[in-house]
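To start, the structure itself, in structure tokens.
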Amino acid sequence: MHVDYGNALASEAVTGVSESSLEALEGRVERAHDRIESEIESRTFGYASLALPADTDAAAIDATVAGFDPEAVLTVGIGGSALGADAITEALGVREHYSLDNVDPALTDRLLGELPLESTLVNVVSRSGTTAETLANFLVVRSAMAEAGVDWTERTVVTTGDSGPLRELADERGLPTCRVPEGVPGRFSALSAVGLLPAAALGCDIEAILDGGAEGRAGLSPSLSGAPAYAYGAVAYALEQRGATTNAFVPYAEALEPFAEWFAQLWAESLGKDGLGQTPARALGATDQHSQLQLYRAGRRDKLVTLLRPTEREDRAIPETDVGALSYLGGGTLGGLIDAEFEATEASLAAAGQPNVRLEIDRIDARSVGRLLYDLEAACVLYGELSGVETFTQPAVEWGKRATRRLLEDDSDAALEEKTRRRVE
């Protein structure tokens, strides 16, 4: 990953950070790096995520899915149990991967009606094996397979922890399993079986993805000027301190749109604590130049816009035209147009004094995808270190899970019953 934060400097942006401030931040980055390195080596909870390129056994994942040769893979999971896998398969152009990551009955019915269940591999993912949404959807999928005359035990793999209902079910039925790595929160688990199994089942080179992650690991150094991941994390942190409390993440490639979804969870769940953190906003270039750029350029001065693109991409020519008003398009390419849109947006934001950071990968392939995943995770970890928050916990999420279970078990919850109501009909 390559980072250019020139447009986030105080000389360019109203809420920008001065170069002297970044120089003063170098000492804190160095101390944070030393701590991160130590915790990675000891595989401390959370920091173990940054050891995944070395710790993940690609051969074991390949062996788990060997022999299935599925026409489609259906991941049943939610949050980090699905978003990383979605980001990877979409980036690699694998259209045969689907996710049930919500309990909307309309979505579930539509998807189960479209999939060839007899040749679909069901990939159930939950560390605890108790995630309500995942288990509910899995029960529905099992029933649909049975109704279609498919033996679900012959078309199901499980990725879970060492104990819990899913582990017990897998052991009882002899289902192929992968292990959710110890000490790795779900949103940081993309470079493990959690994120890689669907890609492996559909023939992708997951070893190359891990190689990209290993490049990111090797690229960490005790200086924001020497490590792209740290440069992005430190600049994002510094901008938040100056009022940029929203981070609009805008990939300029359809294949990278799910990265914005994955990034949103990573950034929000890791950093949104103690009254701190940037709110991630998801957009897609060039599409959302026509729906959101007005706000980013002329709205409140509370945003960092993160622009992401590949520097090399497949292209398609735009035909010549005899329409004079369109002559500037004819003979060009769609790739040239989207790159021009990217650079124009970047310049437009800078002209308006809105800080923006350019992230680039060489191309959209397995190695670059692995590197991008790793670098954004490392950026998030550094940001958390500089903020002093507990990056790897998610207490607010757990509160909601407990409230949901109480409602399902006894149809009541004191906090919900105390809701102030002003209903208008």
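The values are calculated or read from the model by the stated rules, or taken from the named source; none is laboratory data. Remember, it's a predicted structure, so these values are computed and weren't measured experimentally. Backbone-built Cβ (ideal geometry, glycine too); neighbour counts: all protein chains shown.
Points worth noting:
- Among (1) modelled with pLDDT of 95 or more; (2) charged (D, E, K, R); (3) closer than 30 Å to Thr153 by Cβ, the one test that Glu182 misses: (1)
- Checking Ala200, Ala238 one by one, the residue that is buried (at least 19 other Cβ atoms within 10 Å of the Cβ) and not assigned by TED's automatic domain parsing to the domain that holds Glu90 is Ala238 and no other.
- Some residue of region 130-138 being under 25 Å from Val369 (Cβ atoms) and not aliphatic (A, V, I, L, M): yes
- Answer from Glu409, Glu425, Glu398 - the residue that is more than 24 Å from Thr306 (Cβ to Cβ), acidic (Asp, Glu), at pLDDT below 95 and not in a helix (DSSP H, G or I): Glu425
- When restricted to residues that are assigned to a helix (DSSP H, G or I) and either among the charged types (D, E, K, R) or touching a residue at least 60 places away in the same chain (Cβ under 8 Å) (or both), region 7-39 contains 19.
- Some residue of region 125-138 being surrounded by fewer than 19 Cβ atoms within 10 Å (Cβ to Cβ), farther than 28 Å from Leu210 by Cα, in contact with a strand residue (DSSP E or B) (Cβ under 8 Å, 6 or more places away or on another chain) and of a type outside the set (Lys, Arg): yes
- Annotation: of all residues in region 261-279 being buried (at least 19 other Cβ atoms within 10 Å of the Cβ) and over 11 Å from the mean Cα position of the chain (by Cα), the one that is nearest to Asp101 (Cα to Cα) is Glu269.
- Of the residues contained in region 257-280, one or more are found to be under 18 Å from Val357 (Cβ atoms), in a loop (DSSP other than H, G, I, E, B) and in contact with a helix residue (DSSP H, G or I) (Cβ under 8 Å, 6 or more places away or on another chain).
- Single match in Thr15, Thr56 (criterion: at negative phi, among the β-branched types (Val, Ile, Thr) and in contact with a Ser or Thr (Cβ under 7 Å, 6 or more places away or on another chain)): Thr56
- Selection from region 338-358 of residues that are among the hydrophobic types (A, V, I, L, M, F, W, C) and touching a residue at least 40 places away in the same chain (Cβ under 8 Å): Ile338, Phe342, Leu349, Ala350, Ala352, Val357
- Within region 348-358, being surrounded by fewer than 23 Cβ atoms within 10 Å (Cβ to Cβ) and outside any helix (DSSP H, G or I) holds for Ala352, Gly353, Val357, Arg358.
- Residue tally, condition within 20 Å of the chain's Cα centre (by Cα) and surrounded by 16 or more Cβ atoms within 10 Å (Cβ to Cβ), over region 93-124: 9
- Applying the criterion of being within 22 Å of Ala58 (Cα to Cα) and among the small types (Gly, Ala, Ser) to the residues of region 152-181, the residue that is surrounded by the most Cβ atoms within 10 Å (Cβ to Cβ) is Ala170.
- Residue within region 293-303 that is touching a Phe, Trp or Tyr at 6+ places or on another chain (Cβ under 8 Å), in a helix (DSSP H, G or I) and within 22 Å of Asp375 (Cβ to Cβ) present: no
- Residue that is buried (at least 18 other Cβ atoms within 10 Å of the Cβ) and among the small types (Gly, Ala, Ser), where the choices are Ser368, Ser327: Ser368
- Restricting attention to region 8-38, the residues being of a type in the set (Gly, Ala, Ser), farther than 12 Å from Val235 by Cβ and surrounded by 15 or more Cβ atoms within 10 Å (Cβ to Cβ) number 1.
- All conditions but one from (1) farther than 16 Å from Val14 by Cβ; (2) hydrophobic (A, V, I, L, M, F, W, C); (3) in contact with a strand residue (DSSP E or B) (Cβ under 6 Å, 6 or more places away or on another chain) apply to Leu271; the one that does not is (3).
- Residues that are on the phi > 0 side of the Ramachandran plot and in contact (Cβ under 8 Å) with a residue 24 or more places away in the chain, drawn from region 131-182: Gly149, Gly164
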